[in-house]
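Below is one structure, written out as structure tokens, with a few remarks after it.
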Amino acid sequence: MYVQRVDTGVAAGRRARTVGPYVVLTALDRSGSVAKVSAARYIARTPDGERTVLLSTPPPGVDPARFITEADASRYLVGRWALPAAECAGPGKGVAWHASPYVPVLPLPTVLAVHGGPLPEATVRALGVALAETLSVTHGQNLVHAGVSPAAVLVAHDGPRLGCFGAVRAAAPALSGIDAGALAPEQASGGMPRPLGDVYALGATLAYAATGSTAPERDEVPTWLRSVVAGCLARDPAHRPQLRDVVHQLASIDGPAEPPLGFGATERAAALLGPGWLPPRIVAALAHQAASVLAAETAVAAAGPFHQHP
């Protein structure tokens, strides 16, 4: 069974690691994960124990100033399943970081590891609809996410949270830390991130959830998902589907796809994210993380500044 270890280091006589006003409790991403992560992510808490957050810092090779620029822009995201930054600080104030209020979450690669393999159809459908609707809202705001990948998807009890906004833009031109399997060909060749690049990344992410790979062979993809993945992963952006069509297919809706309302697609995810949408092992792992974080002792003594990677 997967166990999230939450340890400030006090019990072992170590001084706590601090980032900005926060004491790090644990890394969010599983050690040894093969997934590319576009930020170093932690669960952290204020020394007085009053606030717990999901905290991110730029990985090696990413310009901290660009990282914070994208984090600041994410404040304007309004999609239900988006994960905007609630606060951030640039490298001029020490290490660059941004934070969002804590909810128990597991990155999608960790979810597959805990489950022991590809996820059930009901889980993948629910994830796909929620993510497609979130991207539809983002595009309706005239924004491009440019960071969708398996590692960008954080799974909570009530649905996914889509983070890593602007990861491709922040990592340019080297694209350090970016999952190449989720990067649209036109972006990999240096093109500007566009909405249809998000559609490509969504297809790669759904393929990963259903098979464990962002680029599986056609016959490895479940039959019910093949047309969605094949369409999203079309090399020519003009041949990729609209997000409302992805929602329509994954939600198994009869009749023509509905036109978008307001900022984005008509919401269908809520109906798919009811009791039982997550496998039992994932529910147990989320509950264990929540209990461990609640019980964690926060170090009062700071370890000094947390130095930025070069």
Would you check if there is a residue in region 111-120 being within 23 Å of R240 (Cα to Cα) and either touching a residue at least 60 places away in the same chain (Cβ under 8 Å) or surrounded by fewer than 20 Cβ atoms within 10 Å (Cβ to Cβ) (or both)?
-> no
Candidate set from region 197-249 (those that are open to solvent by 10 Å² or more (accessible area, probe 1.4 Å), in contact with a Ser or Thr (Cβ under 7 Å, 6 or more places away or on another chain) and under 19 Å from G140 (Cα atoms)); member that is modelled with the lowest pLDDT | R244
Scan region 162-192 for residues that are outside any helix (DSSP H, G or I), over 17 Å from E70 (Cα atoms) and either at pLDDT 90 or above or aliphatic (A, V, I, L, M) (or both) and jot them down.
-> L183, A184
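Would you say S189 is in contact (Cβ under 8 Å) with a residue 24 or more places away in the chain, of a type in the set (S, T, Y) and open to solvent by 20 Å² or more (accessible area, probe 1.4 Å)?
Details: in contact (Cβ under 8 Å) with a residue 24 or more places away in the chain: no; of a type in the set (S, T, Y): yes; open to solvent by 20 Å² or more (accessible area, probe 1.4 Å): yes.
Spelling it out, it is not the case that S189 is in contact (Cβ under 8 Å) with a residue 24 or more places away in the chain, of a type in the set (S, T, Y) and open to solvent by 20 Å² or more (accessible area, probe 1.4 Å).
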Between residues in region 39-51 that are within 24 Å of A65 (Cα to Cα) and open to solvent by less than 40 Å² (accessible area, probe 1.4 Å) and residues that are part of a loop (DSSP other than H, G, I, E, B) and aliphatic (A, V, I, L, M), which pairs lie under 7 Å by C-beta distance while being six or more apart or on different chains?
-> R41/L28; Y42/L28; I43/L28
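Considering only region 259-270, I want to know if a residue exists there that is at pLDDT 95 or above and crowded, with 21+ Cβ neighbours inside 10 Å. Please lay out each step first, then the result.
First pass over region 259-270, keeping only residues at pLDDT 95 or above: none.
No, that holds for no residue.
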List the number of the failed condition for A126; all other conditions in (1) open to solvent by 10 Å² or more (accessible area, probe 1.4 Å); (2) within 22 Å of R281 (Cα to Cα); (3) more than 12 Å from the chain's Cα centre (by Cα) hold.
-> (1)
Counting only residues in region 137-161 that are under 24 Å from L112 (Cα atoms) and β-branched (V, I, T), the one modelled with the lowest pLDDT is identified as V148
Name, by its number, the condition in (1) in a loop (DSSP other than H, G, I, E, B); (2) modelled with pLDDT of 90 or more; (3) open to solvent by less than 40 Å² (accessible area, probe 1.4 Å) that does not hold for S292.
-> (1)
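The values are calculated or read from the model by the stated rules, or taken from the named source; none is laboratory data. Note that the coordinates shown come from a computational prediction; the quantities given were computed from them, not determined experimentally. Every residue, glycine among them, receives a Cβ derived from its backbone with ideal geometry; neighbour counts consider all protein chains shown. All accessible areas refer to the heavy atoms of the entire protein, side chains included, with ligands and DNA or RNA removed. Shrake-Rupley method; radii C 1.70, N 1.55, O 1.52, S 1.80 Å.
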